[in-house]
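Read the figures in this text as sums done on the coordinates, not as results from a lab. Note that the structure is predicted; figures quoted are calculated from it, not measured. Neighbour counts run over all protein chains shown; Cβ positions are idealised from the backbone, glycine included.
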Amino acid sequence: MRTRRSTPLGFQPPAIGDEEVAAVAEALRSGWLTTGPRAALLEDRLAEYLEAEHVLAVSSGTAAMHLALMALDIGPGDEVVTSPITWPATANVIEHCGATPVFCDVREGDLNLDASLVANVVTERTKAILPVHLAGQPCDLDAIHELGLPVVEDAAHALEGRYRGRKLGGLSDASCFSLYATKNLTAGEGGLVATNRGDVADRIRSMRLTRRGDGSRYDQLTWGFKANLSDVLAAIALVQLDKLGHHAELRERQFALYDEGLADLEGIEPLARDARDTHALHLYVVRVDPARAGGTRDEYQRAMAQERIATSIHFLPVHLLTWFRERYPAQPPLPVAERAGEEVLSLPLSPAHTDEDVLDAVDAIRRVYVRLTA
Ligand SMILES: Cc1ncc(COP(=O)(O)O)c(C=O)c1O
């Protein structure tokens, strides 16, 4: 067995090479820094990749979801059902529209929205469902679509995902992706909305940026945001898109190393992956069952930090965060999400890591396990 690392291992460092640096330099020298030909090319290439009629590049995954909900006319008095196991942005964008997030519990295996429970929280005010493809595992879209409400997907983790063979992107009213620093396709910051609905695409196009037209006169016909993606960032994403297949192979290898290296540790279980779907392999999340693993998730996380291995938590249940708790004091308990929030631990995963790095993380967790179960 290896020993403790002499250098720290980062959680999800970006995999950026000379090609991205050169593309940024070229964009900077082109004389066009804001949204322009590079953002347009990124949209065209991603529409093809995501098998969607329209892709709109925006400033963040958060903006993508906000604009998609606005395009569906979600507003004050409306409710949107969503998952509590997500980054707060998913619930925040519902609030940004003046609507109310309604949290529904998740499934035990993959911690995605439990479609069988959604009907219990739907009211006449429910105007949409905002499910999340956690860690890259597509949620149960067929069951969610059967509820007959508009669906906006939080696909921030799931660019490469396929649900029952079909590419995520054109399956719901809108699918929203993130180009944030840790994401499988990064621009540092940025987001995308994919949709087959021309009306949704048109509305987002006019809301994301108030254009000056020919420069002489301008007007504004709808809500005006500043949520466009700069060409400098689009240049990074275009290079990352060329590398996506190679990076996916590296992620696949790292998943396999974790699967194999942790298989015999009782009480350390990875989230379920459905073989009928293509998992986007964005996060390797394990659940730490304190009754069998000899320690809590927090104890494991602290011990891993001592081993110089950075880990993360995806996610603390949003309804338990202070602002949401205080805003919705009558929120009923969501037992599956609340237990998961105490047990999930995400392990280092990045195409910038080598196999040796991942084996270091595996060995570190094994050492911690031996110590805590002794
Ligand atoms: C599940 C999920 N949804 C939404 C977001 C928000 O994306 P962005 O940071 O690009 O606004 C993130 C993270 O960044 C996320 O992990």
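Using a cutoff of 8 angstrom between alpha carbon atoms and counting only pairs six or more residues apart, the relative contact order for the chain works out to 23 percent. Measuring r between the beta carbons of Glu51 and Arg273 and using R0 = 22 Å, the FRET efficiency lands at 0.55. In this structure, the amide hydrogen of His157, modeled 1.01 Å from its nitrogen in the peptide plane, lies closer than 5 angstrom to those of His133, counting only residues at least 5 positions away or on a different chain. The DSSP beta bridges internal to segment 18-240 are antiparallel in roughly 50% of cases. Simple spin-label estimate for Ala263 and Arg125 gives 5.1 nm between the two label positions (7 Å along the Cα-to-Cβ direction from each Cα). Gyration tensor over the Cα atoms of segment 333-374: the corresponding equivalent ellipsoid has semi-axes (square roots of 5 times the eigenvalues, largest first) of 26, 18, 4 Å. Here the Debye sum runs over all C-alpha atoms of segment 18-240 as equal scatterers in vacuum, and log10 of I(q)/I(0) at q = 0.08, 0.09, 0.13, 0.18 Å⁻¹ comes out as -0.28, -0.35, -0.71, -1.28. For the chain, the square roots a ≥ b ≥ c of the C-alpha gyration tensor eigenvalues yield an a/c of 1.5 or more together with a/b not exceeding b/c, which makes the shape oblate. Take the Cβ atoms of Asp18 and Ser116, set R0 to 45 Å, and the FRET efficiency comes out at 0.35.
By the Kirkwood approach, averaging reciprocal distances over each pair of separate Cα atoms, segment 244-373 gets a hydrodynamic radius of 15.8 Å.
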